[in-house]
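The values are calculated or read from the model by the stated rules, or taken from the named source; none is laboratory data. Quantities reported herein were computed from a predicted structural model and do not represent experimental measurements. Here Cβ is always computed from backbone atoms with ideal geometry, including for glycine, and neighbour counts include all displayed protein chains. When the accessible area is computed, the model is the full protein with side chains, heavy atoms only, and any ligands, DNA or RNA have been set aside. Shrake-Rupley method; radii C 1.70, N 1.55, O 1.52, S 1.80 Å.
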Amino acid sequence: MALSRRELLRWTPGVAVAAALAPPGPSSARAEPLIVRMYEPRNLETPLSELFTGKTEKFFVRSHFAVPQLDAKTFRLTVTGHVEKKLELSLGDLKAMDVVDREILIECAGNGRVFLVPQVRGLQWGHGGVGQARWTGVPLGAILERARLKPGAAEVVLIGADRGAVADPATPGAIPFDRGIPLSKAQKDETLMVWNMNDEPLTAAHGAPLRAIVGGWYGMASVKWLTQIVVLDRPHTGFWQTFDYSYWQRPADAPPQLVPVTAILPKAIITQPEAGAVLRVGQPLVVQGYAWAGENRVAKVEFSSDGGRTWTIVKDVTKSEPLQVSRWSHPFTPADPRTYPFVVRCTDDRGNTQAATRDPDRRSYMINHLIPIEVTAQ
Ligand SMILES: Nc1nc2c(c(=O)[nH]1)N[C@H]1C(S)=C(S)[C@@H](COP(=O)(O)O)O[C@H]1N2
Ligand SMILES: [Mo]
């Protein structure tokens, strides 16, 4: 039998009672470790309670191969291909350029995969394959300026030092992790080559000593352990943007075609309460969470307590900037003893919103359809 509050007060020292009765929330939440989604190579998910805390050790990790060992002292970044002047840059050379700091969110293209029905292959991320950090480095555009692009340059391939063979579909033996970025995106000021994360040198797991951050795009473009840049005069058609990280488009005038995954789609998530929480009838609650919209701003967050039949606009949303997360909160008081399907939805400043149902043409990526959570009031 559960003790009443009065009984607890009678039998327990005051301090302990205060802790036991404290409502769950960010201030009282215990530090939770990252969730292991794969042991080797290490793939780690951020628990909901630790999302967007700005702590590097709580930032999700997504790696396809073992972490390569690179020495910051002997490290060189080479720039070759469709350029007038090949470059070989040390970390010191990069740090001597005009340095920028930016808060940028990255989300794995497979974030939310565990919610897909039927289940699909790939790491079964919940909502925690996303994070935001302060990154320090130089714009890729500045490096390309130094190398002087040849006329006709079209795509910049970022190549990591990690390598491995993929079995299905089979690669030609070991290949590096790489990703081509069209010149238009490569030259934007949100496309960076960075060495610091949250004002500390990158950790090995997050790409030390140098990685790319392609702001507004899903994480696969933000190549870690970056050692080579190759400029092409045509789109790159490597493994990681054809077989992997691609989805179906259906042009009106041609058969369906696979295109690379690029920009992050709008998404809102609920972090408090968590699915399965038990609420008190008549007791006011603050529902909380986050919203982001890739290259665009979050224009609107809406909340529904009936699984998406009716919606209320969330008034309390922190000011939105492109490439960054917003926090939102919304008051709600359960009126009846029953189950409430909570769901939240984000619309960006171009009018893109989250669909109610999953689009199977996205294969196992770009998961931003509505995902209700059930909470019970009693
Ligand atoms: N070299 C290299 N870069 C990589 C990857 C990788 O496996 N190898 N994974 C990519 C993917 S899919 C994501 S989501 C992000 C994750 O970055 P993080 O581990 O710092 O969170 O790194 C990207 N960059
Ligand atoms: Mo990813």
Quotient of Cα Rg and 2.2 N^0.38 Å for the range 222-286, N being how many residues it contains: 2.00
Farthest positive-ward along the range 101-153 dipole, Cα basis, beta-carbon charges - from A142, G110, V130: A142
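Say R0 is 30 Å: what FRET efficiency, to the nearest 0.05, do K55 and I175 get from their beta-carbon distance? All intermediate terms of the calculation are to be shown ahead of the outcome.
Numbers: r = 33 Å, r/R0 = 1.10.
Once rounded, the FRET efficiency stands at 0.35.
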Under-5 Å amide H pairs with Y340, H placed in peptide plane, nonlocal only: V375, T376, A377
Listed residues D306, D189, D98 arranged by accessible area, highest first, probe 1.4 Å: D98, D189, D306
Distance from the range 277-333 to the range 158-206 (C-alpha centre basis), Å: 33
Cleavage-rule hits (chymotrypsin sites (Phe, Trp or Tyr not before Pro)) in the range 205-307: DSSP loop, at most 11 neighbouring Cβ within 10 angstrom: none
³J(HN,Hα) computed for each position of the range 278-285 - Karplus, 6.51 cos²θ - 1.76 cosθ + 1.60, integer Hz, glycine/proline x: 10, 9, 9, 4, x, 9, x, 9
Relative counts (whole %) of C-alpha pair distances in the chain, using bins that are 20 Å wide: 26, 53, 18, 3, 0
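With +1 assigned to the C-beta of every Lys and Arg and -1 to the C-beta of every Asp and Glu, and no other charges, what is the dipole magnitude of the range 37-260 about the Cα centre in debye, to the nearest 20? Before the final figure, lay out each step's value.
Values: 25 positive and 24 negative charges, 46 e Å.
Result for the range 37-260 is approximately 220 debye, rounded to the nearest 20.
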Under 5 Å, built H, 5+ apart or other chain: amide partners of N43: R37, M38
Along each principal axis, Cα extent of the range 166-243, largest first, Å: 39, 29, 20
Protein accessible area in the chain, 1.4 Å probe - carbon and sulfur %: 53
Sorted peptide list for 257-268, 73-84, 170-181, criterion being average Cβ within 10 angstrom, highest first: 257-268, 170-181, 73-84
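Classify the range 27-153: rounded, prolate or oblate, from the alpha-carbon gyration tensor (a ≥ b ≥ c, eigenvalue square roots; a/c under 1.5 rounded; otherwise prolate if a/b is larger than b/c)? Write down the numbers at each step before the final one.
Numbers: a/c = 2.32, a/b = 1.86, b/c = 1.25.
In terms of gyration-tensor shape, prolate.
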Overall dimensions of the range 116-232 as given by Cα atoms, namely Rg and Dmax in Å: 15.6, 49
³J(HN,Hα) computed for each position of the range 219-231 - Karplus, 6.51 cos²θ - 1.76 cosθ + 1.60, integer Hz, glycine/proline x: x, 4, 7, 8, 4, 8, 6, 5, 10, 9, 10, 10, 8
Probe 1.4 Å - accessible area at R146, Å² to nearest ten: 110
Overall form of the range 37-260 per C-alpha gyration tensor (a/c, 1.5; a/b vs b/c): oblate
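Using the heavy atoms of the protein chains alone and a 1.4 angstrom probe, what is the accessible area of the chain per residue in square angstrom? List each step's numbers first, then the result.
On the way: 18480 Å² over 378 residues.
Value returned for the chain: 49 Å² of accessible area per residue.
Only four residue types carry charge here, +1 at the Cβ of Lys and Arg and -1 at the Cβ of Asp and Glu. Report the dipole size of the chain about the Cα centre in Debye, rounded to the nearest 20.
Numbers: 43 positive and 38 negative charges, 69 e Å.
It comes to approximately 340 debye.
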Within straight-line cross-link reach of K95, aspartates and glutamates at Cα separation under 19 Å, skipping those fewer than 8 residues along the same chain: D71, E103, E145, D189, E190, D199, E200
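Per Stokes-Einstein, at 4 °C and 1.567 mPa s, what whole-number D in µm² s⁻¹ belongs to the range 100-176, with the Kirkwood radius over Cα pairs as the hydrodynamic radius? Provide the component values of the computation, followed by the final result.
On the way: Rh = 16.5 Å.
My calculation gives 79 µm²/s for D.
For the range 311-374, what class follows from the C-alpha gyration tensor (a ≥ b ≥ c being the square roots of its eigenvalues): rounded when a/c is under 1.5, otherwise prolate if a/b is larger than b/c, else oblate? Mind showing how you got there, number by number?
Working: a/c = 2.57, a/b = 1.21, b/c = 2.12.
Taking the square roots of the gyration eigenvalues as a ≥ b ≥ c, the range 311-374 is oblate.
Quickly estimate the mean residue ellipticity at 222 nm for the chain, helices only: each DSSP H run with n ≥ 4 gives -39500 (n - 2.57), and the total goes over all residues, rounded to 500.
On the way: 5 runs with 32 residues, N = 378.
Calculated at 222 nm, the ellipticity per residue is -2000 deg cm²/dmol.
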